[in-house]
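Below you'll find the structure, written out as structure tokens, and then a few comments.
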Amino acid sequence: MPDGVLINGKGPYRYNDTLVPEGIDFEQIDVKPGKTYRLRVHNVGISTSLNFRIQNHNLLLAETEGSYTVQQNYTSLDIHVGQSYSFLVTMDQNASSDYYIVASARFVNESRWQRVTGVGILHYSNSKGKARGHLPPGPDDQFDKTFSMNQARSIRWNVSASGARPNPQGSFRYGSINVTEIYVLKNKPPVKIDGKRRATLSGISFANPATPIRLADHYKLKGVYKLDFPTKPLTGSPRVETSVINGSFRGFMEIILQNNDTKMHTYHLSGYAFFVV
């Protein structure tokens, strides 16, 4: 659980005199009525999912991770660690007051997330007063993962838009793809290995080598890592290794993510786009 949620490096607007002390610098976005703005929202935390919303405004999702999406409106959206989204937001409200911009922690106790909520201000150029009242509500149940999963399933790639195109390995052609490798990646709660508490993936806890793997690969150094990551989770005791998945060049890999923990986990495949099928 973080000590706080920052918006562009700034603390929360003082929406509550008890929870938020005086003198904190907060983020303010200045806008003009009738205009439409693109807001790109990133979750750059390390472990906490956030729900993003703007009081009384719809968020028209237009892009994620550099790819255009089929445009649809959300009143709020869960943004997990490492994710980025672009929203088109139209300034179609009256300017009787400013409006709250909120990023609140998900899947944590409500009384705790209220203490770490990020709050900024959407300020119309003709605003007549400060934001007031309660923050716009997030999902009804802080621990309901179904809400978040259904949102993720609702996002679709817009393959008719201009810009970068999906390659032939896209999920819309999945049925005609020759899968060359299948890996089941299973994460479990941390366990003790050699007296230390460690996370594992398919029974292996990664040991970072003294020589970077890419350098070892480039200079063909032996003994730095092993190309023996299991295609299925190990059944024996977990172990610590520098084990690497050996993917075939120009192959198509199917990865099955299996979460046996009680917490949500975020996966990132560096340098690659991947498709949920």
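The values are calculated or read from the model by the stated rules, or taken from the named source; none is laboratory data. Note that the coordinates shown come from a computational prediction; the quantities given were computed from them, not determined experimentally. Positions of Cβ are backbone-derived with ideal geometry, glycine not excepted, and every protein chain shown enters the neighbour counts.
Structure values in brief
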| read-out | value |
| --- | --- |
| Index of the failed condition, Val224 passing every other in (1) in a loop (DSSP other than H, G, I, E, B); (2) surrounded by 10 or more Cβ atoms within 10 Å (Cβ to Cβ); (3) at pLDDT below 95 | (3) |
| One residue from Leu19, Leu77 being touching a Lys or Arg at 6+ places or on another chain (Cβ under 8 Å) and either surrounded by fewer than 18 Cβ atoms within 10 Å (Cβ to Cβ) or not in a strand (DSSP E or B) (or both) | Leu19 |
| Val81, sole failed condition from (1) aliphatic (A, V, I, L, M); (2) more than 26 Å from Gly271 (Cα to Cα); (3) in contact (Cβ under 8 Å) with a residue 60 or more places away in the chain; (4) touching a Gly at 6+ places or on another chain (Cβ under 8 Å) | (2) |
| Residue in the range 101-109 that is touching a residue at least 40 places away in the same chain (Cβ under 8 Å), part of a strand (DSSP E or B) and of a type outside the set (Gly, Ala, Ser) present | yes |
| Leading residue by the ranking (surrounded by the most Cβ atoms within 10 Å (Cβ to Cβ)) among those in the range 22-46 that are touching a Pro at 6+ places or on another chain (Cβ under 8 Å) and farther than 20 Å from Glu65 by Cβ | Phe26 |
| From the options Asn94, Asn56, residue that is polar (S, T, N, Q) and touching a residue at least 24 places away in the same chain (Cβ under 8 Å) | Asn56 |
| Criterion violated by Ile46 - all others in (1) in a loop (DSSP other than H, G, I, E, B); (2) closer than 28 Å to Lys263 by Cβ; (3) among the aliphatic types (A, V, I, L, M); (4) touching a residue at least 60 places away in the same chain (Cβ under 8 Å) satisfied | (4) |
| Evaluation of Asp92 against (1) closer than 26 Å to Gln142 by Cα; (2) in a loop (DSSP other than H, G, I, E, B); (3) out of contact with any Phe, Trp or Tyr (no Cβ under 9 Å at 6 or more places or on another chain); (4) of a type outside the set (Ser, Thr, Tyr) (one fails), failing number | (1) |
| Matching residues in the range 154-204 - criterion: being surrounded by 13 or more Cβ atoms within 10 Å (Cβ to Cβ), among the small types (Gly, Ala, Ser) and modelled with pLDDT of 90 or more | Ser154, Ala199, Ser202, Gly203 |
| Selection count where residues are farther than 19 Å from Val81 by Cα and at pLDDT 90 or above, scope the range 255-277 | 2 |
| First in the range 11-38 and more than 26 Å from Leu88 (Cα to Cα), second anywhere and surrounded by 14 or more Cβ atoms within 10 Å (Cβ to Cβ) and of a type in the set (A, V, I, L, M, F, W, C), Cβ under 7 Å, 6 or more apart | Arg14/Val20 |
| Options Pro233, Pro209: the member that is over 24 Å from Ile46 (Cβ atoms), assigned to a loop (DSSP other than H, G, I, E, B) and either touching a residue at least 12 places away in the same chain (Cβ under 8 Å) or not assigned by TED's automatic domain parsing to the domain that holds Tyr183 (or both) | Pro233 |
| Options Val89, Val108, Val102; residue that is at pLDDT 95 or above and either within 25 Å of Pro2 (Cβ to Cβ) or not assigned by TED's automatic domain parsing to the domain that holds Gln55 (or both) | Val102 |
| Evaluation of Leu257 against (1) in a strand (DSSP E or B); (2) surrounded by fewer than 12 Cβ atoms within 10 Å (Cβ to Cβ); (3) not hydroxyl-bearing (Ser, Thr, Tyr) (one fails), failing number | (2) |
| Every residue from the range 232-250 that is surrounded by fewer than 12 Cβ atoms within 10 Å (Cβ to Cβ) and under 27 Å from the mean Cα position of the chain (by Cα) | Asn246 |
